[in-house]
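Trainee: Starting off with a structure, shown below.
The values are calculated or read from the model by the stated rules, or taken from the named source; none is laboratory data. None of the values given here were measured: they were computed from a predicted structure. As a convention, Cβ positions derive from the backbone with ideal geometry for all residues, glycine included, and neighbour counts pool all protein chains shown. Accessible surface is based on the protein model in full, side chains and every heavy atom, while ligands, DNA and RNA are left aside. Shrake-Rupley method; radii C 1.70, N 1.55, O 1.52, S 1.80 Å.
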Protein chains: 4
Amino acid sequence: MALTGVLRPGHAQLRVLNLEEGVHHYRDVLGMVETGRDEQGRVYLKCWDERDHNSLVLREADQAGIDFVGFKVLDKATLDKLEGDLRAYGLATERIPAGELLATGERVRFRLPSGHDIELYAEKRAVGNGLQVLNPAPWTKASENGIAPVRLDHCLLYGPNIAEVQKIFCDVLGFYLVERVLTPDGAGNVAIWLSCSHKVHDIAFVEHPEPGKLHHLSFLLESWEEVLRAADIMAMNNVTVDIGPTRHGVTRGCTIYAWDPSGNRFETFMGGYQPYPDYEPTTWTFDGLGAGGGLDYPQRKLHESFLSVVT
Amino acid sequence: MALTGVLRPGHAQLRVLNLEEGVHHYRDVLGMVETGRDEQGRVYLKCWDERDHNSLVLREADQAGIDFVGFKVLDKATLDKLEGDLRAYGLATERIPAGELLATGERVRFRLPSGHDIELYAEKRAVGNGLQVLNPAPWTKASENGIAPVRLDHCLLYGPNIAEVQKIFCDVLGFYLVERVLTPDGAGNVAIWLSCSHKVHDIAFVEHPEPGKLHHLSFLLESWEEVLRAADIMAMNNVTVDIGPTRHGVTRGCTIYAWDPSGNRFETFMGGYQPYPDYEPTTWTFDGLGAGGGLDYPQRKLHESFLSVVT
Amino acid sequence: MALTGVLRPGHAQLRVLNLEEGVHHYRDVLGMVETGRDEQGRVYLKCWDERDHNSLVLREADQAGIDFVGFKVLDKATLDKLEGDLRAYGLATERIPAGELLATGERVRFRLPSGHDIELYAEKRAVGNGLQVLNPAPWTKASENGIAPVRLDHCLLYGPNIAEVQKIFCDVLGFYLVERVLTPDGAGNVAIWLSCSHKVHDIAFVEHPEPGKLHHLSFLLESWEEVLRAADIMAMNNVTVDIGPTRHGVTRGCTIYAWDPSGNRFETFMGGYQPYPDYEPTTWTFDGLGAGGGLDYPQRKLHESFLSVVT
Amino acid sequence: MALTGVLRPGHAQLRVLNLEEGVHHYRDVLGMVETGRDEQGRVYLKCWDERDHNSLVLREADQAGIDFVGFKVLDKATLDKLEGDLRAYGLATERIPAGELLATGERVRFRLPSGHDIELYAEKRAVGNGLQVLNPAPWTKASENGIAPVRLDHCLLYGPNIAEVQKIFCDVLGFYLVERVLTPDGAGNVAIWLSCSHKVHDIAFVEHPEPGKLHHLSFLLESWEEVLRAADIMAMNNVTVDIGPTRHGVTRGCTIYAWDPSGNRFETFMGGYQPYPDYEPTTWTFDGLGAGGGLDYPQRKLHESFLSVVT
Ligand SMILES: [Ca+2]
Ligand SMILES: [Ca+2]
Ligand SMILES: [Ca+2]
Ligand SMILES: [Ca+2]
Ligand SMILES: [Fe+3]
Ligand SMILES: [Fe+3]
Ligand SMILES: [Fe+3]
Ligand SMILES: [Fe+3]
C-alpha cells in the first residue's frame, strides 16, 4: 500500500455485450466466484483468494470497455484526506453513496486526463476466502474451478495525457513509477507502470489518442505451471488468445493475453519482481518494447494487436 | 511498505564462528554476491536481485546469533520522525554514524523488550542488480550461482515479551499482524507474524525465555522448483537440513529450514499469499502449529527443533 | 517395454482392512476412477490417464498387503512364450481364467523366491482415458479430482532371496538392473531397481526376512508442483505422511511416501531419469542409502520406517 | 526400446553453414558438452545427462540440413539381424566402418523413401554423465550451462512417401504409430509420430514433396519452468524463436521451436504422455492440426512456418 493509505486496486466495472456470456466467461472459465447481482442487473464476482465481496462487476452494455477502476484505501479518514488532496490538485470529485455497488461503502470518483474514471473507497464487506478461520488449509476446491486466479491484480488503460496521469497518481495518491517505455524520440513516455505497493504494477497506462480505453484487466496466478493450465483451459473453452504464454520483458511477468466474449482483453499472469519506491525506474526504448523483448521477451516482437486493439 | 514509511527489512548482521566458512556458505552455497569487507573484518553480501549494496553482514564471533536487523525507511525525514515516535513511546534510541556499515547512512537503533536490536536507516548505496539499465534481461548469470535467492525476506526472532514487541511494531512503526499462534490456554500469542507491506511477513517473533535469539533468517526464492534445487544444493554441499522441503500452514510458504556452519538457521522459501492491513489476521491454536500443520503442513507435526534450537 | 514383450506393470491387487475406507482413499483422495466391482466384492480402479479398465484392485481382508502384481505383455503369443520360459527356468506357473479379474484376459501366475505372486496377462479391455478420440484436449476434469496420478508406475516389494528374483526378472523376463544398494559388507545387494522399459523402475525389491511383503505401490505425477499439491491434499484428508515431499537420491525421483487407511504405504512421485539397458547400473553403498541421500537426498538420513514398516 | 532391440535415437549429423557459429549455438547457448573433433573437422557434442560419447555431430557445409539420424540397437547381433530384415524388406544397406564417427562402432545405413538416411549402430563409447559412479548427486553444474537439455529426444523429418516410411519403421524396425494427422480428405496421413519405446515419439515425419528435409531436431527438458528458462536464454542470445513457449496438442508436449544460426530448426520441450504399443493411435484431422490446437494448443492456429520452413 502507498504511504498515503491507498491499498490496492479493489474493483473494476466492465461492460460486456451479453451478460450471461460474460458471466460464463468470468465465473466458469476464468473461475471467479459469483457473489451477487443487483437491481440494475449487474453481476458481482471475486477471485477465490480475495476476501472482500467483489472485485469485478459486469454490466451489460452496447459497447465493451471499462466503466471505472476502484482503489481501496485504509479507512474513511484516508478517503476524506485523499478527496481533499485531489480537489486541491484541481480535480473534480464526486461522491457515490454507499450501497450503490453491493457491499461497498461510499466512493469518491474522479476523471483522469486520460478519460478514465477512478474511484477510491474505504469499505467493502469482507466475505472471506472460503478457508476456515482457525488453522486454515492453504487452498480450497474453488482454487481449481476454472483458471482460478488469486486476485484482480492491475489494469492497463489507454488514453491521452499520461504524463498528467502519472503526476496525479504519484504526486497526489502516492504511487511511484516502476517501468516506462520512451517515445520513439525519447522525449517522453509512451507507457508507464505505476505501483502503490511492492507489486510491479497496480495500474498502467499507454498514451493513446482515444480517451477512456481498456487494454486489459489482469488476474494473478501463482506459478508458471498455472499459466500453462490457464492456456489449456482457454483453448478448451475456445477463448481467443492474443499473446502467450510468454514472458514480458517489462515487469518480467509471465503472461497470457486473451479476449473475453465481448472483446475485452484480460490477462492471466504470474511473477515479476517486487519493486520499492527507492528503486530507480526501469526504462525501455520504444524499439525495446518490440525487438528488445519488452512486450514478448522470447519472441522479441511488437505484436500488432498490442498498440491497436482496445475496448 | 508501511504507511509510516518503513519500506522493508534491508540488512541483518549475523555472527559466525568462522568467517571464511560463513562466507563460503552464504556466498558460494546460498549464492549471495560479496560486495565488500570493512576494517573490522566484516563481510558484506547481497542477493543477486537486490539493488542496495548489502543485506547480510557477517561478523566473526565466539557465539553465533544475530546482532541486529535493519529496516530501510523512505528518507531522512521519515527516519527522524520515526525516531521521535519511538522515543515518545518510551524507547531509548541510539544514532550510529553513516559509514559504520559500508555504503550505509546513519542508523537509528533501539532495543526491543525481546532483547533484539532493531535499526532504521534511510540510505544505502544503490549498486544495482547486474542487469542493464535500458531494456534489461529478466535475470543474470548470478541468479544461478548457488541457491541464489532474490532477496533477504524476513527473520524469525525468539525472545520474551512479544506482546510488547507487537505493540511497538504495530503502534509505532506501522506494521500489522498477519498470523499468530495462540498459547496453549488461548489467552495470548506464542508467535506473531508482522508485515509492513503486503509480504506475508517482514518480521516474526516467538515467545521465548532467553532474550535476543535468532530462529532463522529467510531468503526468497521464485518457485517451488527452486526450493527443490535449493534442497539439492544443500545436500551437495553437506548443509544440514532441519525441515523440508515442505509447506508451512502458517503463511502458506513453501520452505526449507537448514543450518549454516555456525549453527544459525536459515530458510529458503517461496510463496505464501499477499495480505493487506484490512485483512483479519489468521489464527492458529497451539495444537494447530503441530498437528494442524501450521509448521509443516504435509507432516502435521511439531518438529522438536522448532521450539528448542535457536542461536 | 522389454525385448521379451513385457510392457508394463498393469495391475496390482491390494488388501485393505475396510473396503469403503480403501475406496474412499484411492478414489476420492488419490483420485483414481472407480471402474467396477465384482461378485467377490473387489473394487476396480484406474488412474485417469490409463487406458485399460483397471490398474488397482482392492480386496477386503483381515491383513493389509499385496496379493499380486500383474505385468501386461504384448499379446497371447508372448504370454505363452514367457510361460514356457518361466517353466523352463524351473518355476511353477498357474493359469487363471479370463474374467477372474474384470475386463482382464487369462493370466499366468508364478511365485517369486521372495514370496510374491507375479502375473503376466495379454488382454485388458481398453476403456480410454476420457479424452475425445479425434483432436483430443491434453487433459480432462478427472485429472484434477484428488491427487490424480497419471498411472500406476511401480511397486517396491520386501522379501528374501532378491538375488534370485533379479535373475528371474533379468534372465527370463527381459528386465535390467537400473540401480542397487550394496549390503553393508558390499558383497551383495540389499535393494534392486529393475526396469522393463526406460522407466527408472518398473519393480523394485529389498532383501527382507519375511516373504511377500509390500513396501509401497507408486503412482506417477507430472510435476514437482503436483507433488506439493499431493502433499496438501494428503494433509487436508488426514493421510499420514511417512517421508517427503523430497527427492530420492536413488532414481532422482521426487516423492511422498504415505499410508493408506489400512497401513499400506503408497507413493506419489514424479521425475527421475530415463535409463536404457546399455547403461551401467548406478550403485549405492549401504551408508549411501542414508547419509549419502539415497533415500532422502535433502535430509541425507535413513528414516527408520523405510526398513521396518511394510505390510 | 522396441522389441526388435532398437533402443533410441542416438545421434544425428547436422549441416551448419559456419562451424564455429554452430558450435557456439549448440555448446554455449543450447548447452551441450563438446566431446571431440575429428579429422574431417566435424564437432561432436552430447547433452549433459547422456552417457554415450556423442549425440550431435556438426558438419560445415554450403547448405543446412540433416545428413543422417542414427538409432542405437542393443548389440551387434541385433545390428546384423536388423540389417538382414531391412534387406529382406527390399532396402539397400551400407556398412560404415567403426571409427568413421568418433567413439562409434560400425553403422548400417539405409535410405528411406522420404529421402532420409537412417543408421543403426550397436556401439558408442560410454563417457558417463559427469556424476560420480557411487552414490551420485542428481545433477551436475553442466545441467545449468545454457539451456542444458537432458538428451537428444527425436527429430521431425519432411519428405515424400511417408506411408512407406511408416511401414519400414513399424514392420521392420518394431516402431509403432502414436499419433497422426489426416490429409484434408481423410484418406491418408499428412504426419506421423512413431515410437520405439514409451516416448511419445522417437521419430516423426510430415509428407512433403522435397526429399530429405529436416523440420527440427528436438532436445528434452525436465520441466515447464525449464522451457521458460530456455525461452529466456534464447532471447538473451538473439536466437530467433519460431513458435512458443506453448503446448502442442499433438503429444501434449510443451515446447519452443527456434532456429540455429544456419536456419536449422531445433526444439526444446518437455512433457507429453507415455504411450505403449497397445494404445490406439491418436488421430488429428487436418483442421485439427491448426484450429484444433494440434500444433499450438493455446493459440489454435497453423503457424505458416510449420508447413513451409525446412532445411
Ligand atoms: Ca493455485
Ligand atoms: Ca531464479
Ligand atoms: Ca496433471
Ligand atoms: Ca535440469
Ligand atoms: Fe498486465
Ligand atoms: Fe520464515
Ligand atoms: Fe518408489
Ligand atoms: Fe518435436
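Trainee: Share of antiparallel DSSP beta bridges in segment D:1-106, in percent to the nearest 5?
Mentor: Given both bridge residues lie in segment D:1-106, the antiparallel proportion sits at roughly 75 percent.
Trainee: Taking the label point 7 Å from Cα in the Cβ direction, how far apart in nm is C:Leu91 from each other copy of itself, listed shortest first?
Mentor: Label-point separations across copies, in nm and ascending: 3.5, 7.2, 7.8.
Trainee: Say a label goes 7 Å from Cα toward Cβ at B:Ala126 in every copy; what distances in nm does this one have to the rest, shortest first?
Mentor: 3.6, 5.6, 6.2
Trainee: While we're looking at this one, here's another question. Which loop GluC sites (Glu not before Pro) in segment B:1-90, with loop taken from DSSP, have no more than 10 other Cβ atoms within 10 angstrom of their Cβ?
Mentor: B:Glu39
Trainee: Turning to a different aspect of this structure: Viscosity 1.002 mPa s, temperature 20 °C: Stokes-Einstein D of the protein assembly as shown from its Kirkwood Cα radius, in µm² per second?
Mentor: In µm²/s, the coefficient rounds to 67.
Trainee: Where the convex hull is taken over the Cα atoms of segment C:89-240, what is its projected area averaged over directions, in nm²?
Mentor: Over every viewing direction, the Cα hull of segment C:89-240 projects on average to 12.3 nm².
Trainee: Further question: How well do other chains shield peptide B:218-227, expressed as the mean number of their Cβ atoms within 10 Å of each residue Cβ?
Mentor: That works out to 5 on average.
Trainee: Just to check I understand the Karplus step: with θ = phi - 60° and J = 6.51 cos²θ - 1.76 cosθ + 1.60, what whole-Hz values come out for segment D:220-233, glycine and proline as x?
Mentor: Whole-Hz 3J(HN,Hα) from phi for segment D:220-233: 8, 9, 9, 7, 5, 5, 5, 5, 5, 4, 4, 4, 4, 5.
Trainee: How many square angstrom of accessible surface are buried between D and B, both sides summed, with a 1.4 Å probe and rounding to 100?
Mentor: Approximately 1000 Å² gets buried when D meets B.
Trainee: Next question, about the same structure. Taking the Cα atoms of segment D:131-190, what is the range of coordinates along each of the three principal axes, in descending order and whole Å?
Mentor: Over segment D:131-190, Cα extents along the principal axes are 54, 26, 17 Å.
Trainee: So which trypsin sites (Lys or Arg not before Pro) in segment C:104-184 are both in a DSSP loop and have at most 15 other Cβ atoms within 10 Å of their Cβ?
Mentor: Those that pass, being in a loop and sparsely packed, are C:Arg125.
Trainee: Relative contact order for segment B:184-261: what is it in percent, counting Cα pairs under 8 Å that are at least 6 residues apart?
Mentor: 18 percent
Trainee: Semi-axes of segment B:1-86's equivalent ellipsoid from the Cα gyration tensor, sqrt of 5 times each eigenvalue, largest first, rounded to whole Å?
Mentor: The answer is 27, 15, 10 Å, longest axis first.
Trainee: Beyond 12 Å, how much of the Cα-Cα pair distribution for segment D:170-214 remains, as a whole percent?
Mentor: 63 percent
Trainee: Just how far, in whole angstrom, is segment A:138-165 from segment A:34-113 if you go by their alpha carbon centroids?
Mentor: For segment A:34-113 versus segment A:138-165, the Cα centre distance is 15 Å.
Trainee: Determine the share of segment A:224-311's accessible area contributed by carbon and sulfur atoms, expressed in whole percent, with a 1.4 angstrom probe.
Mentor: About 49 percent, which is the carbon plus sulfur part of the accessible surface.
Trainee: Additional query: If every alpha-carbon in chain D counts as one equal scatterer, what log10 I(q)/I(0) does Debye give at q = 0.08, 0.11 1/Å?
Mentor: -0.32, -0.64
Trainee: Answer rounded, prolate or oblate for segment A:219-280, using the Cα gyration tensor with square roots of eigenvalues a ≥ b ≥ c: rounded when a/c is under 1.5, else prolate when a/b is larger than b/c, else oblate.
Mentor: prolate
Trainee: Also: Provide the per residue accessible area, probe 1.4 Å, for segment B:151-308, rounded to a whole number of square angstrom.
Mentor: It amounts to 27 Å² per residue over segment B:151-308.
Trainee: Now, a different point. What is the average number of partner chain Cβ atoms found within 10 Å of a Cβ in A:2-9?
Mentor: Mean partner-chain Cβ count within 10 Å for A:2-9: 3.
Trainee: Something else now. I need the phi-derived Karplus couplings for segment D:139-152: 6.51 cos²θ - 1.76 cosθ + 1.60, θ = phi - 60°, integer Hz, Gly and Pro marked x.
Mentor: Values, residue by residue: 7, 10, 4, 4, 6, 10, 8, x, 5, 6, x, 7, 6, 5 Hz.
Trainee: Express the C-alpha Rg of segment C:256-311 as a ratio against the empirical globular expectation 2.2 N^0.38 Å, rounded to two decimals.
Mentor: Relative to the 2.2 N^0.38 Å estimate, segment C:256-311 comes out at 1.35.
Trainee: Please average, across the residues of C:296-308, the number of beta carbons from any other chain that are within 10 Å of each residue's own beta carbon, and give a whole number.
Mentor: For peptide C:296-308, the averaged partner shielding equals 3.
Trainee: Let me ask something else. Counting only Cα, what are the radius of gyration and maximum Cα-Cα distance Dmax of segment C:27-138, in Å?
Mentor: Rg, Dmax (Cα atoms, Å): 15.7, 49.
Trainee: Tell me, rounded to the nearest percent, the portion of alpha carbon pairs in segment A:151-308 spaced more than 21 Å apart.
Mentor: When all Cα pairs of segment A:151-308 are counted, 43 percent exceed 21 Å.
Trainee: Moving on to the next point. Roughly what % of DSSP beta bridges within the protein assembly as shown run antiparallel, to the nearest 5?
Mentor: Around 70 percent antiparallel, to the nearest 5.
Trainee: State to the nearest 20 debye the size of the charge dipole of the protein assembly as shown about its Cα centre, where the only charges are +1 on K and R beta carbons and -1 on D and E beta carbons.
Mentor: In debye, rounded to 20, the protein assembly as shown gives about 0.
Trainee: Another question, if that's okay. Kindly identify residues of segment C:133-147 having a loss of at least 20 Å² in accessible area between the isolated chain and the assembly of all protein chains, probe radius 1.4 Å.
Mentor: C:Val133, C:Leu134, C:Asn135, C:Pro136, C:Ala137, C:Pro138, C:Trp139, C:Glu144
Trainee: If you don't mind, another one. Once the label point is set 7 Å along the Cα-to-beta-carbon vector, what list of distances in nm do you get between C:Ala187 and its counterparts in the other copies?
Mentor: 6.5, 7.3, 9.0
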